[in-house]
Amino acid sequence: MADDPDLSAERYEKHREAGEILAQVREELVDRVEVGTSYLEITEWSEEHIRELGGEPGFPLNISVDEEAAHGAAGPDDARAIGEDMVKFDIGVHVDGWLADAAVTVDFSGNPELVEASEEALAAALDTVEPGVHTGEIGSAIEEVIDGYGYNPVVNLTGHGLGHWDQHVEPNVPNRAAQQGIELSVGDVVAIEPFATDGPGKVREGADEQIYALENERSVRNRQARQALKQITEEFRTLPFAKRWLDVDRVGVALRRLKMQDVVHGYPVLKEQDGNLVSQAEHTVIVTDDGCEVTTRSA
Ligand code: CO
């Protein structure tokens, strides 16, 4: 145990601070959202509120509805409003690059059991977390609960480690029993995110794309692209950002250039089969001596 990291170190305090801000924003967001709420309005509200509380968005607010599992988000001039849908809000907050990541499903579609399936799967997963637990064991707990409800876990989406200015690092935490994986150690910071669905349990890429991240920093000639790249490297660094966050003219041109040169990559919306529904629950944890600390739980 002599090698265990000091969990009172500044980086962990910042993870905790990000988690507290996230929990508060999530709680208020759930109270505010109703059928008819505009995507843009709730997204802008969440960003402002995160900043008021002393954090920064760790990634754009994901609003994914019905068969969409992840990476839905408000676009510039987005006119959409929440309907009688199953709505997943995935929220990211960072404090000096140290992240919290959590999600909640708000259901206006009348399928409470599907929501419960992912929430109970998350609770079961959190119960398994302690030093030495294999990530496959966590996935097995998730799969068992979702199976018990008669639904499928989405198997090609996983939980993940949270690095500094890096929203997706090793280890992956599967949503099913898996042989491959690693054992968690004290001090690991991990987001666990079960998705439950009445569909086949495999998402594919859709057409809409609102979220991007820097991939390779290299010089570009196009003026708009250069301007966008400057803002990306200064403000978002390697964290995901929204198309609507870029203060450049002809943002579509800028992003197309940056993508063509592999400077940034996009995160297209990820969807189950049309007509199916997906629910999601997610918390961020710090692995401790005797279990884990959930940084994104409401006080
Ligand atoms: Co998340």
Kindly provide the Kirkwood hydrodynamic radius of the chain in Å, to one decimal, from all pairs of distinct alpha carbon atoms.
19.4
Within the accessible area of the range 173-242 (1.4 Å probe), percent carbon and sulfur:
39
For the chain: relative contact order, % (alpha-carbon pairs under 8 angstrom, 6 or more apart):
24
Give me the distance between the Cα centres of the range 1-66 and the range 106-129, rounded to whole Å.
19
Lys230 and Asp289 label points (each 7 Å along its Cα→Cβ direction) are spaced in nm at 5.2
Across the range 146-221, how large is the tail of the calculated P(r) beyond 15 Å, expressed as a percent of all Cα pairs?
68
What number comes out for the charge environment of Arg176, summing +1 per Lys or Arg and -1 per Asp or Glu over other residues with Cβ under 15 Å away?
-4
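Taking K and R as +1 and D and E as -1, what net charge do the other residues with C-beta under 12 Å from the C-beta of Asn152 add up to? The partial results should precede the final answer.
Working: positive: Arg176, Lys202; negative: Glu143, Asp147, Asp198, Glu272.
So the environment of Asn152 carries a net charge of -2.
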Can you tell me the Rg and the Dmax, both Å, for the Cα atoms in the range 141-182?
12.1, 38
For the range 196-293, take N as its residue count and report Rg(C-alpha) divided by 2.2 N^0.38 Å.
1.41
Residues of type lysines that Lys259 reaches as a straight line, Cα spacing below 30 Å, ignoring anything fewer than 8 places off in the same chain:
Lys88, Lys202, Lys230, Lys243, Lys271
For the range 138-175 versus the range 185-213, the gap between their alpha-carbon centres in whole angstrom
8
Solvent-accessible heavy-atom area per residue, rounded to whole Å², over the range 1-114 at 1.4 Å
42
In terms of modelled amide H atoms, which long-range or inter-chain residues lie less than 5 Å from the amide H of Ile182?
Thr135, Gly136
Two pseudo-spin positions, 7 Å from Cα along C-beta at Lys259 and at Asp127, lie apart in nanometres by 4.3
Positive minus negative residues near Glu143 (Lys, Arg vs Asp, Glu; Cβ under 13 Å)
-3
So what's the range 198-245 giving for Cα Rg divided by 2.2 N^0.38 Å, two decimals?
1.52
If N is the number of residues in the range 1-87, what value comes out of its Cα radius of gyration divided by 2.2 N^0.38 Å?
1.35
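Could you work out the relative contact order of the range 58-174? I mean the mean sequence separation of Cα pairs under 8 Å and 6+ apart, divided by the number of residues, in percent.
Taking the mean separation of contacting Cα pairs over the length of the range 58-174, I get 20 percent.
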From most to least accessible, 1.4 Å probe, no ligand or DNA/RNA atoms counted, Asp127, Asp66, Asp262 line up as Asp127, Asp262, Asp66
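The values are calculated or read from the model by the stated rules, or taken from the named source; none is laboratory data. On a predicted model such as this, the values are computed, not experimentally measured, just so you know. Note that we place each Cβ from the backbone using ideal geometry, even for glycine, and neighbour counts take in every protein chain shown. For accessibility, only protein heavy atoms count, side chains too; no ligands or nucleic acids. Shrake-Rupley method; radii C 1.70, N 1.55, O 1.52, S 1.80 Å.
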